[in-house]
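Q: This is the structure I want to talk about, given as structure tokens.
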Amino acid sequence: MNLSFSILFASSSLVLASSCAPKTTLKSGTLDGSSTESTGDTSAELLYPLGGWVDTCEEAGGGIGAFGSPRAGGSRKHAGCDLYSTVGRPIYAVEDGTVLETYLFYCDTDALVVKGKHTGRVIRYGEIRSGSPEKHGVSPGDTVKKGQVIAEIGKLSCYSQAMLHFELYSGSASGGLTVPDNPPYQRRSDLINPTKDLKQWRADRFHK
Ligand SMILES: [Zn+2]
């Protein structure tokens, strides 16, 4: 993403603001990815969002897909983890939840935002194929089940590599997810580094 899309994010966030209630004491990660303390949730409640083994941010060694890697010439930091894949691959719900919103996200791809039932977390599945939630019968207000196909990897019009851009929020804040005046991530204050969780969910799913 780059700064020129902040307006797009800001406008879509306004819609989310009304439907995203503050909630939960859960906090299983921090922005520096340092902690996963006792939360009451278990990995069994959560699932890796892709069906195949994909290098996640931590293996990128600070590469461009990693959480916190520089964007927009260093003026902000990457707020998610990019899971590189191929266009059209299914994306699975990481936990049971309620769909808050779908909207145009970045370079002709969409985003899907889900509020987790068990954890209260908010998950933004970004850079998904335009219209793919609807194709799989997923619309705002719907409930989704862990493991359900909820979208597909999208084709970016501005970049050749396809990916799932995965963002995670603890749910302790409310309002829109994209907050242009909140550096360095330009995201809501409850943004979590999802890297450690993704790695654990992947290990649970693929047992390696
Ligand atoms: Zn990304």
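The values are calculated or read from the model by the stated rules, or taken from the named source; none is laboratory data. Being a predicted model, the structure only gives us computed values, none of them experimental. Here Cβ is always computed from backbone atoms with ideal geometry, including for glycine, and neighbour counts include all displayed protein chains.
Q: Quick test of your reading of the structure: Ile123 fulfils all but one of (1) of a type outside the set (Lys, Arg); (2) within 16 Å of the ligand (Cβ to nearest atom); (3) in contact (Cβ under 8 Å) with a residue 60 or more places away in the chain. Name the failing condition by number.
A: Result: Ile123 passes all but (3).
Q: If you don't mind, there's one more thing I want to ask. Could you check how many residues of region 159-179 are surrounded by fewer than 18 Cβ atoms within 10 Å (Cβ to Cβ) and within 12 Å of the ligand (Cβ to nearest atom)?
A: Here the count works out to 2.
Q: Which one is nearest to the ligand (Cβ to nearest atom), of the residues in region 79-93 that are assigned to a loop (DSSP other than H, G, I, E, B) and either closer than 15 Å to Pro140 by Cα or at pLDDT below 95 (or both)? Step through it out loud before you land on a result.
A: Of the residues in region 79-93, the ones assigned to a loop (DSSP other than H, G, I, E, B) are 79-80, 86-89, 93.
Cutting the leftovers down to either closer than 15 Å to Pro140 by Cα or at pLDDT below 95 (or both) gives us 86, 93.
Numbers: Thr86: 16, Ala93: 19 Å.
Top of the filtered list is Thr86.
Q: Is it true that Thr109 is buried (at least 18 other Cβ atoms within 10 Å of the Cβ), within 16 Å of the ligand (Cβ to nearest atom), more than 20 Å from Arg205 (Cα to Cα) and among the polar types (S, T, N, Q)? Step through it out loud before you land on a result.
A: On the way: buried (at least 18 other Cβ atoms within 10 Å of the Cβ): yes; within 16 Å of the ligand (Cβ to nearest atom): yes; more than 20 Å from Arg205 (Cα to Cα): yes; among the polar types (S, T, N, Q): yes.
So Thr109 fits the description; yes.
Matching residues to (1) part of a strand (DSSP E or B); (2) within 17 Å of Cys81 (Cβ to Cβ); (3) of a type in the set (Gly, Ala, Ser):
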{"position": "Lys146", "(1), (2), (3)": "no, no, no"}
{"position": "Glu152", "(1), (2), (3)": "yes, no, no"}
{"position": "Ser157", "(1), (2), (3)": "no, no, yes"}
{"position": "Glu167", "(1), (2), (3)": "yes, yes, no"}
{"position": "Gly171", "(1), (2), (3)": "no, no, yes"}
{"position": "Gly176", "(1), (2), (3)": "no, no, yes"}
{"position": "Pro184", "(1), (2), (3)": "no, yes, no"}
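Q: Inside region 120-129, can you point out the residues that are assigned to a loop (DSSP other than H, G, I, E, B) and either under 23 Å from Ser174 (Cα atoms) or touching a Phe, Trp or Tyr at 6+ places or on another chain (Cβ under 9 Å) (or both)? It would help to see each step written out before you state the result.
A: First, pick out the residues of region 120-129 that are assigned to a loop (DSSP other than H, G, I, E, B): 120-121, 129.
If the condition is that a residue be assigned to a loop (DSSP other than H, G, I, E, B) and either under 23 Å from Ser174 (Cα atoms) or touching a Phe, Trp or Tyr at 6+ places or on another chain (Cβ under 9 Å) (or both), then Gly120, Arg121 are the ones that fit.
Q: Only residues that are surrounded by 24 or more Cβ atoms within 10 Å (Cβ to Cβ) and more than 16 Å from the ligand (Cβ to nearest atom): list them for region 126-143, please.
A: Answer for region 126-143, where residues must be surrounded by 24 or more Cβ atoms within 10 Å (Cβ to Cβ) and more than 16 Å from the ligand (Cβ to nearest atom): just Pro133.
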